[in-house]
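Below you'll find the structure, written out as structure tokens, and then a few comments.
The values are calculated or read from the model by the stated rules, or taken from the named source; none is laboratory data. Model, not experiment: these values are computed from the prediction. Cβ atoms come from the backbone with ideal geometry, glycine included; neighbour counts cover every protein chain shown. Quick note on the areas: whole protein, heavy atoms, side chains included, nothing else; ligands and nucleic acids left out. Shrake-Rupley method; radii C 1.70, N 1.55, O 1.52, S 1.80 Å.
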Amino acid sequence: MAEVEFRQIESDADVLAVARTSSLAYPTGEFYSDATLPKLVKILVDRRKNSDKRLYGLFLKNVAHFEPGQVGAVVIGAKPNPITSEIEHSEVQPSVEPSGGLVAHFLHRDFSVNLFGVERTLGGLAFVGVDLLHKKRGYAKTLVTQWLKLCDNQGQYLAALWPFRPDFYTKMGFGVSSPFYDYTITPSVIPTTRRFAGNLKHKGAASFDVLRHLTVAQISEITECQKRCASATHGMLAVEEQNVSLFNDNGITRVLGFRDSEKVLRGYIAFKFVKVDHVGSDLNVVELIYETTEALYAILQFLRQQDDQVRFIKIKSQDTDFFRLLEDPRGANSSQQHVASSQSVGMMYKVVNIVKLFSEYFIDRDFNGVDLTVLIRVQDTLTPEMNPEIVVSFVKGHATVVKSGSETTVNANETTEATLDIGIAEFSTLVVGAIDLKTLIKYGKAIVVPADKERVVTKAFWSEDLPKNSFHF
Ligand SMILES: CC(C)(COP(=O)(O)OP(=O)(O)OC[C@H]1O[C@@H](n2cnc3c(N)ncnc32)[C@H](O)[C@@H]1OP(=O)(O)O)[C@@H](O)C(=O)NCCC(=O)NCCS
């Protein structure tokens, strides 16, 4: 591979190079024509102002100019009119040539995630793109490696991404988090009253009394509700106001919210209609957030009432038991096989630094009261130096790193009570509680020696809840 330089995208020339490269890496965005490129430049310039999003690029060294065929002067500061989408050149500034040599780029995200009841920092990867003419030369691999080092340097010992292809990132050591269940149901199977009701205040109340349209003016209220929900949900990312995209599609996505008697927003549903024919539509749920059962039922009642107009409601859930909520758990397209939902996978996690994971990241975590000293050997072929073998002592569930790397072979006769051999992708899903060790052992994806310690090692990593997160980045 040619000599490359990795740097944060800060200058206008670098932003232009990223715009050119990414417009062709993501052609479905339709930004790659000279006419539409300024819109993408504007998006990237705005992103640069957002402190939790940082662009990075991989540049070939000693390349002064951009590829001749790709050079196109773009006006930094040109902005699309929000109504007509036409480019307005009201902030015309001198045109800038894109930097030379950019072969790949990505966006780093700083997130806060609730894991085991505590808000923790999480590194996020998005917007990975390799120049059309430089694919299949290992640049994506170099990029991901650089990104993991970046996460490590800023104390993000766990990192996540939403894959375009899970197999691509599995090879790099990322493990799939909890799955989604995709439901297609008719409004008639939605229950509107709770069987064991505490507060039935809203039973039979008209939806217009119970729910309110929310617009961009209520964005703070929406994020406060989302964050409260995140702080109560294992695996959920807290979404900052500037990252709420519900109102970015010119009013196609609609949001209805439920406020409690104290006027606090306790839940909301974002949805859009998709035309089926000239009378009917499907209702696609974009997001459903609720803090209380009361809020959930207020929203369910609204959905149930759409049966005159809506053919199917499409909803994604990470609740393994969502089908039990419905009056008929069979999906709308189910035949005699009683299919309730289809399953899809989403976010992937990778442990960035196993030593720091135990010694810092999960310093407060109770590994279920377990007392045991374990040698953990994870196989990480991408960044083995960041995930060496490690001896962890669990005392009353509190983990301490005893040794790591080459130290683990010192005093070989000093016994550990068990050894866990596991791939980094599987280990990453295990430490976030997306799977239990017993299942990994059954599938031949992990091994504990001696076998009679399988139960106690499984117990150490056992999680009461699966991680759930619907925020896509
Ligand atoms: C998808 C895309 C980023 C891939 O970029 P790329 O530079 O062609 O990818 P790479 O050459 O680095 O491919 C990854 C390599 O890393 C290797 N690799 C992955 N994990 C590895 C590991 N643990 N150890 C060693 N090698 C590993 C893979 O085997 C592969 O090499 P190979 O092709 O020789 O088998 C690029 O095609 C692109 O920009 N596509 C359009 C935009 C897009 O879809 N982006 C979505 C990404 S989220």
Within the stretch 213-241, restricting to residues that are polar (S, T, N, Q) and touching a residue at least 24 places away in the same chain (Cβ under 8 Å), the one that is nearest to LEU466 (Cα to Cα) is THR233
Within the stretch 128-144, the residues that are surrounded by fewer than 19 Cβ atoms within 10 Å (Cβ to Cβ) and either more than 9 Å from the ligand (Cβ to nearest atom) or assigned to a strand (DSSP E or B) (or both) are LEU133
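Right, ARG228: within 16 Å of the ligand (Cβ to nearest atom), open to solvent by 70 Å² or more (accessible area, probe 1.4 Å) and out of contact with any helix residue (DSSP H, G or I) (no Cβ under 9 Å at 6 or more places or on another chain) or not?
Values: within 16 Å of the ligand (Cβ to nearest atom): no; open to solvent by 70 Å² or more (accessible area, probe 1.4 Å): yes; out of contact with any helix residue (DSSP H, G or I) (no Cβ under 9 Å at 6 or more places or on another chain): yes.
In short, no.
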Taking the stretch 341-355 and keeping only residues that are under 18 Å from PHE111 (Cα atoms) and surrounded by fewer than 24 Cβ atoms within 10 Å (Cβ to Cβ), one is left with GLY346
THR192: passes all of (1) farther than 29 Å from GLU294 by Cβ; (2) more than 16 Å from the ligand (Cβ to nearest atom); (3) of a type in the set (S, T, N, Q); (4) surrounded by 14 or more Cβ atoms within 10 Å (Cβ to Cβ) but (1)
Flagged in the stretch 349-368 as assigned to a helix (DSSP H, G or I), among the aliphatic types (A, V, I, L, M) and under 20 Å from LEU237 (Cα atoms), in numbering order, are LEU357
Contact list, first residue from the stretch 373-387 and under 17 Å from THR145 (Cβ atoms) and touching a residue at least 12 places away in the same chain (Cβ under 8 Å), second anywhere and within 9 Å of the ligand (Cβ to nearest atom) and acidic (Asp, Glu), beta-carbon distance below 6 Å, six or more apart or interchain, is ASN387/ASP380
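If I filter the stretch 379-395 down to residues being within 16 Å of the ligand (Cβ to nearest atom) and charged (D, E, K, R), which single residue comes out as farthest from ASN153 (Cα to Cα)? Break it down stepwise before answering.
Within the stretch 379-395, the subset within 16 Å of the ligand (Cβ to nearest atom) is 379-388.
If we keep only those that are charged (D, E, K, R) too, we end up with 380, 385.
Numbers: ASP380: 19, GLU385: 14 Å.
Among those residues, the one meeting the criterion is ASP380.
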Screening GLY423, GLY397, GLY433 for residues that are touching a residue at least 60 places away in the same chain (Cβ under 8 Å) and either hydroxyl-bearing (Ser, Thr, Tyr) or in contact with a strand residue (DSSP E or B) (Cβ under 7 Å, 6 or more places away or on another chain) (or both) leaves only GLY423
Counting only residues in the stretch 158-171 that are closer than 19 Å to ASN387 by Cα and open to solvent by 20 Å² or more (accessible area, probe 1.4 Å), the one farthest from the ligand (Cβ to nearest atom) is identified as THR170
Counting only strands (runs of 3 or more DSSP E) wholly inside the stretch 223-327, the ones holding at least 3 residues that are aromatic (Phe, Trp, Tyr) are 265-275
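Among ALA217, ALA238, which is loosely packed, with under 12 Cβ neighbours inside 10 Å and more than 16 Å from the ligand (Cβ to nearest atom)? Spell out the reasoning first.
Values: ALA238 fails: loosely packed, with under 12 Cβ neighbours inside 10 Å.
Answer to the selection: ALA217.
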> Just wondering, is there one or more residues in the stretch 156-175 that are over 19 Å from THR429 (Cβ atoms) and touching a residue at least 60 places away in the same chain (Cβ under 8 Å)?
Replying inline: no
Notebook entry, point to check: Hey, any hits in the stretch 427-445 for a residue that's surrounded by 16 or more Cβ atoms within 10 Å (Cβ to Cβ) and modelled with pLDDT under 95?
Noted result: no
Checked pairs for the stretch 110-138, first touching a residue at least 24 places away in the same chain (Cβ under 8 Å) and assigned by TED's automatic domain parsing to the domain that holds ARG47, second of a type in the set (Phe, Trp, Tyr) and near the ligand (Cβ under 8 Å from one of its atoms), C-beta under 6 Å and 6 or more apart or across chains, list as VAL130/TYR139
Among residues of the stretch 172-185 being open to solvent by less than 20 Å² (accessible area, probe 1.4 Å) and more than 8 Å from the ligand (Cβ to nearest atom), the residue nearest to PHE322 (Cα to Cα) is TYR183
Is there a residue in the stretch 46-67 that is at pLDDT 95 or above, within 11 Å of the ligand (Cβ to nearest atom) and not hydrophobic (A, V, I, L, M, F, W, C)? no
GLU327 meets each of (1) in contact (Cβ under 8 Å) with a residue 60 or more places away in the chain; (2) surrounded by 14 or more Cβ atoms within 10 Å (Cβ to Cβ) with one exception, condition (2)
Checked the stretch 376-390 for anything under 11 Å from SER406 (Cα atoms) and in contact with a Leu (Cβ under 8 Å, 6 or more places away or on another chain); matches are GLU389, ILE390
